[in-house]
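A quick write-up on the structure given underneath.
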Amino acid sequence: MIVDRSRVVRRRLGFGGTLLATLFACASLTPSLLPRPWLYQGVMGAVTGILGYAVGAALGAMGRAAISYRLPERARRIAWRILLGGCAALAAVTLWYSYDWQRDLRALMGMDTRITWFPPVILAVAAALFTAALLLARLVRLAGRRLNTWLDRFVPAYVGHAVGAFVVGGLVAVFANDVLFNGFVAGMSDVSSVTNEGTHPGVRRPASAYVSGGPGSLVGWESLGREGRRFTGTAATPARLAAFSGRPAAEPIRVYVGLDAASSPRDQAALAVRELERTGAFGRPVLAVLGTTGTGWVDRRIADTLEYMYNGRSAMVALQYSYLPSWVSFMVDRDKAAATGRALFDAVHDRWSRLPAGARPRLMLSGESLGSYELEESFRDLDDLAARTDGALFVGPPNTNRVWHRLVTGRDPGSPVWRPVYRAGRTARFAQHPDDLGRPPGPWPHPRVVYLQNASDPVVWWSPRLIYRRPAWLEGQRGPDVNPQMNWFPLVTFWQVLVDMTASLDVPLGHGHRYGANIVDGWAAVAAPPGWSALDTDRLRALLS
């Protein structure tokens, strides 16, 4: 007995769904911002494929409802054979080219191009996950049809179908949000809370009275959290600072208040100000308010650079608002991050503004990733930021940063979104390389604001708008490390860049979300002390690289 395989397939799959699933999955194989391992590619292919199937199935259903004509059986059979053959050929060709696309992207970033790339395994992973997701969707649809059949016994069909769709949709939403998502966040919270209680290897309670958790501190060592203990326990020593500067150095001040030290952001901020007063921070030449990421992490180079530049005569303060990983905090703790940043800055600024104008330290801001968002939320716009601070350095700002977004969208005509020029660069400048800070030529008075952003950083460019709109960073001239073969596809590019975020630290310095010693140049542009030279910047870059 001869089996018509196309007939078997079309009984189980929709024409439009199969077509769009294949197109979406193949689009996911095209290059994005960063190289990705084969396993990530398999998962991405499944996710984008099921999205494509859903879109295609919905369009097909609308088409059948609008057009009552049905093709003859023979024509449908031929159409399916053409579709299946075309989809198989397209998948094979795209898988074949995907190897070269990944190698080209790695070469662009100076990475080893000898990679492990298993097209058959990628296909198997994608197909297995796609099948599982499709079966789950079919079970939900079957349940909905059974409910509609039961309701039709009591109410008119159109009412029963509407009620059935509402009930099934509501149950799916409740399950996805209250069971899956909330359960996932609760699980991450449990794991992260245990991690927060630990201490990084090699980190010990400080002997300096000038850092939180040390002798005489108002903040207990145990309450600092894992990242707070690393921040205060790794402050540069006067001996190390003196070895760099060639002069006697002071004890640097690092103040940190963990999540467990107070009951609210306002109480944390009040405790931080008292700790700043205890250590004499308001008498130092520079005082930096630092933003933290989800776990409470502060980039070591942000803190170390300022201490070396000022030979220890610096002070800095930070608060912890969460112990969840940054990407989870980005989804669930952004409001808390903003509230914490506002509470800290307002408390510090209030105390700072009560000092005589000539006796105030330079008030600086700095934060990386979600830490930049935390601090930016304290200001209406760039003018407000410049009016109330003496400068800021923001590293890898997320696309949700409001001040950053206004600068990028309001950039001067002719400047690209990945290296925008705003108001001729008189206050804020954007850089991927140190030389970028000198552009455009012209006056750059203080206070200055610097944004370090790599053209290939998915943290900077990921946005829900990628679902339906081609981004400006793929228009016209592209950034120096953005693959010229990258294209935008509805829905697909959104997931590609989202997956890129998980690999944003697995690339060389100067690409992705890795900024390295460029932070030194950023601080030198914003907050250099008197007498600091370009040679000093180069020496410090070499030391901290």
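Name the residue farthest towards the positive end of the dipole of segment 260-355 from the options 321, 268, 305, assuming +1 on Cβ of Lys and Arg, -1 on Cβ of Asp and Glu, about the Cα centre.
305
For labels at residue 154 and residue 405 in the simple 7 Å Cα→Cβ model, what's the distance in nm?
Here the modelled spin labels are 4.5 nm apart.
I want to verify the translational diffusion coefficient of segment 392-545 in µm²/s; compute it with Stokes-Einstein, Rh as the Kirkwood radius over Cα pairs, at 37 °C and 0.692 mPa s.
Approximately 202 µm²/s, per Stokes-Einstein.
In debye to the nearest 20, how big a dipole does segment 444-501 give about its Cα centre with +1 on each Lys and Arg Cβ and -1 on each Asp and Glu Cβ?
200
Helix-derived [θ] at 222 nm for the chain: sum -39500 (n - 2.57) over DSSP H runs of at least 4, divide by residue count, nearest 500? Don't skip to the end; give the middle numbers.
Values: 20 runs with 279 residues, N = 545.
Calculated from helices alone, the mean residue ellipticity at 222 nm is -16500 deg cm²/dmol.
Can you tell which of 143, 483, 185 lies farthest toward the positive end of the dipole of the chain, using +1 and -1 charges on the Cβ of basic and acidic side chains (Lys, Arg; Asp, Glu)?
Positive-end residue among those listed: 143.
Give the Rg/Rh ratio for segment 446-527, taking Rg as the radius of gyration of the Cα atoms and Rh as the Kirkwood radius, to two decimals.
Rg divided by Rh gives 1.03.
Rounded to the nearest 10 Å², what accessible area does residue 97 have for a 1.4 Å probe in the complete protein model?
Ignoring ligands and nucleic acids, residue 97 comes out at about 120 Å².
Rounded to the nearest whole Å², what accessible area per residue is found for the chain with the 1.4 Å probe?
In whole numbers, the chain has 46 Å² accessible per residue.
Can you list which of the DSSP-assigned H helices in the chain have a Cα extent of 30 Å or more along the long axis and an average Kyte-Doolittle score of at least -1.0?
Numbers: long enough: 38-66 (41 Å, 1.03); 73-108 (51 Å, 0.07); 119-151 (47 Å, 1.25).
Flagged H segments are 38-66, 73-108, 119-151.
Just grab the label-to-label distance for residue 446 and residue 353, each label 7 Å out from Cα along the Cβ direction, in nm (one decimal).
With each label placed 7 Å out from Cα toward Cβ, I get 2.1 nm.
With +1 on each Lys and Arg Cβ and -1 on each Asp and Glu Cβ, how big is the dipole of the chain about its Cα centre, in debye rounded to the nearest 20?
That gives the chain a dipole magnitude of about 1680 debye.
For the charge dipole of the chain, defined by +1 on Lys and Arg C-beta atoms and -1 on Asp and Glu C-beta atoms about the Cα centroid, which residue among 461, 220, 401 has the Cα displaced farthest towards the positive pole?
Most positive-ward Cα: 461.
Considering only protein heavy atoms and a probe of 1.4 Å, how much of the accessible area of the chain is carbon and sulfur, as a whole percent?
After summing per-atom areas, the C and S share lands at 62 percent.
Near the amide H of residue 362, under 5 Å away, which other amide H atoms are found, from residues 5 or more places off or on another chain, if H is placed in the peptide plane?
286, 287
Could you give the nm distance between label points at residue 178 and residue 204, where each point is 7 Å from its Cα heading toward the beta carbon?
5.3
Please report the net charge: other residues with Cβ closer than 15 Å to the Cβ of residue 527, K and R +1, D and E -1.
+2
At 0.36 nm per residue, minus the direct Cα-Cα distance, what do residue 82 and residue 68 gain on full extension? Give it in nm, one decimal, please. Could the numbers behind the result be given before it?
Working: separation 14, 0.36 × 14 = 5.04 nm, distance 2.29 nm.
Answer, rounded to one decimal: 2.7 nm.
Could you give the size of the charge dipole of segment 1-141 about its Cα centre, using +1 on the Cβ of each K and R and -1 on the Cβ of each D and E, expressed in debye and rounded to the nearest 20?
Dipole magnitude for segment 1-141 comes out near 740 debye.
Taking Rg/Rh (Cα atoms, Kirkwood Rh) straight from the coordinates, which label in (i) 1.06; (ii) 0.94; (iii) 0.96 is the correct one?
After the calculation, the listed value that fits is (i).
The values are calculated or read from the model by the stated rules, or taken from the named source; none is laboratory data. A quick note: this is a predicted structure, and the numbers were derived from the prediction, not measured. Here Cβ is always computed from backbone atoms with ideal geometry, including for glycine, and neighbour counts include all displayed protein chains. Remember, those area values only see protein heavy atoms, side chains included, never the ligands or the DNA or RNA. Shrake-Rupley method; radii C 1.70, N 1.55, O 1.52, S 1.80 Å.
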